[in-house]
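For reference, the structure discussed in these notes is given below.
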Amino acid sequence: MELFIQQVINGLSLGGIYALIALGYTMVYGIIELINFAHGDVYTLGSFFSIAIIGLLDASGRLHGVPLLLVLAVALAGSMILCGIVGVLLERLAYRRLRNAPRLAPLITAIGASFILENIMQLWRGPSPIPFPSVVPNVTWHFGGVNLSSNEVLVVVMALFLMAVLQIFIYNTRLGKAMRATAQDRDAAQLMGININMTIALTFFIGSALAGVGGFVSGIYYGSTWFYNGFEAGLKAFTAAVLGGIGNVAGAMLGGFVIGMVESLTAGFISDQWATVAVFLLLVLVLIFRPSGLLGEVLPDKV
Amino acid sequence: MATLLELRQIDAFYGRIQALHGISLRVDKGEVVALIGSNGAGKTTTLRVISGLLRPAHGQVIYEGQDITRLSPDLIVGRRLIQSPEGRRIFARMTVLENLQLGAYTRTSLTEVAESLEEVFTLFPRLKERINQKGGTLSGGEQQMLAIGRALMSKPELLLLDEPSLGLSPLLVQTIFSIIRDINKRGVTILLIEQNARQALQIAHRGYVLETGNITMQDTAANLLASEEVRAAYLGGSVKAS
């Protein structure tokens with residue numbers, strides 16, 4: 001029982017990170033039907049940016065005089081903004097021209113973009129794991145045999161908070177409505193006066209900024225990262241998005257937590273090696289029995 | 001009457017297929033102009049060019065005296081040149097209210113938008129009953145009302161209507177056409193595309209006939225209704241069959 005509760009806690013924090021990444025996959029797919037395979041690398045970039053910003057503040061000796069919370073806030077905000085910009089640049093430079101091309105072309109471009117980002121990161125910080133500055137004190141609480149760390153709480157709270165903000169944004173603001181309209185029918189959205197280029201860029205910005213948050217919290221959570229980190233995390237988050245119903249924002253959140261839970265329970269009760277297998281087995285099963293995903297609609301988006 | 005919209009020698013292509021061959025037409029302020037023609041004649045293409053969804057290879061679109069040929073669709077909408085597209089194209093997974101709000105996307109005054117909403121509800125009381133229903137769950141006729149209502153939410157100067165009667169029962173067709181006439185009386189200029197040529201010409205002031213991407217006839221609506229060629233090609237027998 002204790003092991004179960006422990007693995008649920010682990011699964012929730014893992015799931016929170018996957019969910020943050022999955023949102024970007026699903027939002028981009030929802031609006032331009034592109035699986036942005038470079039998105040996992042944007043997530044890794046989020047960790048890199050956070051490390052660089054904290055390092056910068058530290059090196060200049062400012063870290064000791066400045067409250068820790070402020071340093072973290074700056075790192076988080078910086079990571080979000082920089083990742084957002086990377087996402088917008090990807091769309092502008094690589095995907096926009098291919099918007100009306102056969103679907104294979106942008107897909108391959110996305111894989112290429114993924115390689116480019118990975119290699120940039122490798123050039124930047126080398127091929128070895130990079131430690132995340134241990135500036136955040138990790139407090140662990142013990143409840144019988146169950147451990148709960150402050151980092152786990154941080155991941156889950158951050159993920160849930162941002163998902164709530166995103167939901168409110170999408171359903172209750174003018175720009176959120178413009179995004180949903182563009183996703184449902186691009187031409188009709190234009191006829192409403194919606195600037196779809198701006199709306200699509202905004203979607204990339206938000207999705208990438210959320211990956212930036214994912215990179216920041218995962219850096220704190222795991223304590224290190226490396227340039228290739230986004231490959232597997234990206235695949236799992238993509239699986240989460242498909243599991244929830246690709247294009248569906250609430251589905252990506254649910255999918256993220258389900259994947260995290262499956263992974264951590266398999267690791268706890270079967271073995272570590274089977275965790276990833278279980279995740280992709282779940283993907284296969286979903287694709288066979290419920291291709292539209294848990295929350296996906298059976299009817300296609302387009303009329 | 002002042003010219004509101006003018007197309008000059010428009011050539012448009014889909015890939016290598018030429019859909020429009022040197023189309024020229026004119027819509028004056030306050031008019032209802034009908035563009036009739038059979039399937040595939042280029043009617044929808046003409047509207048796509050006007051709205052900026054399809055960039056013509058040659059020619060100009062002049063609106064309120066200014067060349068808008070190269071403007072993006074959202075900027076054209078900003079000039080209150082509004083299209084209600086073929087097939088209604090309402091946002092199926094959004095509510096009636098959200099659809100109408102999107103129609104007012106470019107407008108800034110909330111009080112004016114609220115006034116427009118009231119006007120639309122006066123014109124289409126049915127939409128008010130369905131205000132929180134998802135667009136996709138409406139009947140065909142209700143969807144058409146929503147599409148027109150949504151276009152009106154932008155307070156159009158010129159309204160382009162693409163096949164508003166398509167797929168509607170004869171009774172509803174009458175209703176929709178009388179509402180179009182009503183909208184025009186409130187000062188909105190209308191360019192109307194219809195396969196239902198008789199109905200269209202009955203409410204129009206002038207009309208153009210489009211055949212395989214060429215304008216083959218243009219005249220007052222009354223003359224076109226009386227014309228032998230038009231009667232033979234587009235009006236069928238005395239009873240309308242659509």
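3J(HN,Hα) couplings calculated from phi for the range A:39-50 with the Karplus curve 6.51 cos²θ - 1.76 cosθ + 1.60 (θ = phi - 60°) are, in sequence order, 5, x, 6, 5, 4, 4, 4, x, 5, 4, 4, 4 Hz; Gly and Pro show x.
Just the number: Rg to Rh for chain A, Cα atoms, Kirkwood Rh, two decimals. Don't jump to the answer; show the numbers that get you there.
On the way: Rg = 19.1 Å, Rh = 19.6 Å.
Across chain A, the Cα-based Rg/Rh ratio is 0.97.
For the chain pair A and B, the buried solvent-accessible surface (1.4 Å probe, both sides summed) amounts to about 2100 Å².
Legend: P(r) of the range A:185-303 from all alpha carbon pair distances, 10 Å bins from 0, whole percents, reading 12, 33, 34, 15, 5, 1. Here is the tail figure for the range A:1-49: Cα pairs spaced more than 15 Å apart come to 56 percent of all pairs. Rolling a 1.4 Å probe over the heavy atoms of the protein chains gives the protein assembly as shown an accessible area of 44 Å² per residue. Normalised by residue number, the volume inside the convex hull of the Cα atoms of the protein assembly as shown is 183 Å³ per residue. Distant-in-sequence amide contacts of B:Met217, defined by a placed amide H-H separation under 5 Å and a gap of 5 or more residues or a different chain, comprise B:Val209. Our coupling estimate for the range A:100-105, obtained by passing each phi through the Karplus curve with A = 6.51, B = -1.76, C = 1.60 and θ = phi - 60°, is 10, 7, x, 5, 5, 4 Hz, Gly and Pro reported as x. The apolar share of the surface of the range A:19-231, taken as the fraction of accessible area on carbon and sulfur atoms (1.4 Å probe, ligands and nucleic acids excluded), comes to 70 percent. Every helix of 4 or more DSSP H residues in chain B counts as -39500 (n - 2.57), and over all residues that averages to -10000 deg cm²/dmol at 222 nm.
May I ask for the percentage of alpha-carbon pairs in chain B that lie more than 29 Å from each other? I get 26 percent for the Cα pairs in chain B exceeding 29 Å. Only lysine pairs 8 or more places apart, or on different chains, with alpha-carbon atoms under 24 angstrom apart are counted in the protein assembly as shown, and they number 15.
Residues in the range B:53-62 carry Karplus couplings, in order, of 6, 10, 8, x, 6, 9, x, 10, 10, 10 Hz; the curve used is 6.51 cos²θ - 1.76 cosθ + 1.60 with θ = phi - 60°, and Gly or Pro positions show x.
The accessible-area loss of the range B:89-122 on complex formation, taken against its chain alone with a 1.4 Å probe, reaches 30 Å² or more at B:Arg89, B:Phe91, B:Arg93, B:Met94, B:Glu98, B:Leu102, B:Tyr105.
The values are calculated or read from the model by the stated rules, or taken from the named source; none is laboratory data. Remember, predicted model here, so these are calculated numbers, not experimental data. The area values use the complete protein model at the heavy-atom level, side chains included, leaving out ligands, DNA and RNA. Shrake-Rupley method; radii C 1.70, N 1.55, O 1.52, S 1.80 Å.
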